[in-house]
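A short write-up of the structure that comes next.
Read-outs throughout are calculated quantities, based only on the coordinates presented, and are distinct from any laboratory measurement. None of the values given here were measured: they were computed from a predicted structure. Please note: Cβ atoms are built from the backbone with ideal geometry, for glycine as well, and neighbour counts cover all protein chains shown.
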Amino acid sequence: MTLGMVILGRQGSGKGTQAVHIAKRFEVVHISTGDMLRSAVEEGTELGLQAKSIMDAGGLVTDDVVNGIVAERLAKEDVRSSGFLLDGYPRTVGQASVLKQLVEGNLKLAINLDVSIEEVTQRMISRGREDDTPEAIARRLELYESETSPLIQWFDDEGILCVINGLGTESEVHKRVIDEIEKNL
């Protein structure tokens, strides 16, 4: 494994969009835990059914389930040879500790897209997904603040945190992201 990065930010902050650009630019594998979970739900697997009931309630899938999915993905040859950008993982300090062990020192940068709660709420409502009800959005953001926000401090303590203003056009944010990654690698 060469370059390992994580992208953080509230749901609706543009993580997925920016992750696609970052992965292409730095030739790393984009790993979206959200996409992996949605695929499991669509396929009706045991994991997918568990994940669906949690996500439908606006919750976050358990660490054990997500850690297992990510460990399997990180072990694949494309990731080991090209590196990775994780989008949607880790969400907790516990997951981050597991990730640190899994990648054995190859985690180089944690990018935090900083976008206000008000802005991400409007973005999620306007995208019109079935699971983006106002109640589910509020619950996910509440969980993010309580469970995921401590990650920002954890990554800062690790010396790999990079906070980027996530407001503006897609290309403006992309330029800020690429500039910061290049400065910090």
Once label points are set 7 Å from the Cα along Cα→Cβ at both Ser53 and Gln101, what is their separation, rounded to one decimal in nm? 2.8 nm
Pairs Lys52/Lys76; Lys24/Lys108; Lys52/Lys108: which are spaced more than 28 Å apart, C-alpha to C-alpha? Lys52/Lys108
Under the rule of -39500 (n - 2.57) per DSSP H run of 4 or more residues, summed and divided by the residues of the chain, what mean residue ellipticity at 222 nm is obtained, to the nearest 500 deg cm²/dmol? -18000 deg cm²/dmol
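What's the FRET efficiency of Asn184 with Asp114 using the Cβ-Cβ distance as r and R₀ = 25 Å, to the nearest 0.05? Please list the in-between numbers first.
Details: r = 16 Å, r/R0 = 0.63.
Efficiency for this residue pair is about 0.95.
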Burial ranking of peptide ranges 39-46, 61-68 (average Cβ count within 10 Å, highest at the top): 61-68, 39-46
State log₁₀ I(q)/I(0) for region 41-86 at q = 0.17, 0.20, 0.24, 0.27 Å⁻¹ as given by the Debye formula over alpha-carbon point scatterers of equal weight, solvent excluded. -0.59, -0.73, -0.87, -0.95
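How about region 90-150: which trypsin sites (Lys or Arg not before Pro) there are in a DSSP loop, with at most 14 other Cβ atoms within 10 Å of their Cβ? Can you show the working numbers first?
Numbers: sites: Arg91, Lys100, Lys108, Arg123, Arg127, Arg129, Arg139, Arg140; in loops: Arg91, Arg129.
Here the sparse-neighbourhood loop sites are Arg129.
Quick check on the chain: what does the Kirkwood estimate of hydrodynamic radius come out to from the alpha carbon pairs, in Å? Walk me through the numbers before you get to the answer.
On the way: mean 1/r = 0.0599 Å⁻¹.
Computed over Cα pairs of the chain, the Kirkwood hydrodynamic radius comes out at 16.7 Å.
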Between Ser39 and Glu147, what FRET efficiency follows from the Cβ-Cβ distance if R0 is 30 Å, with the result rounded to 0.05? 0.80
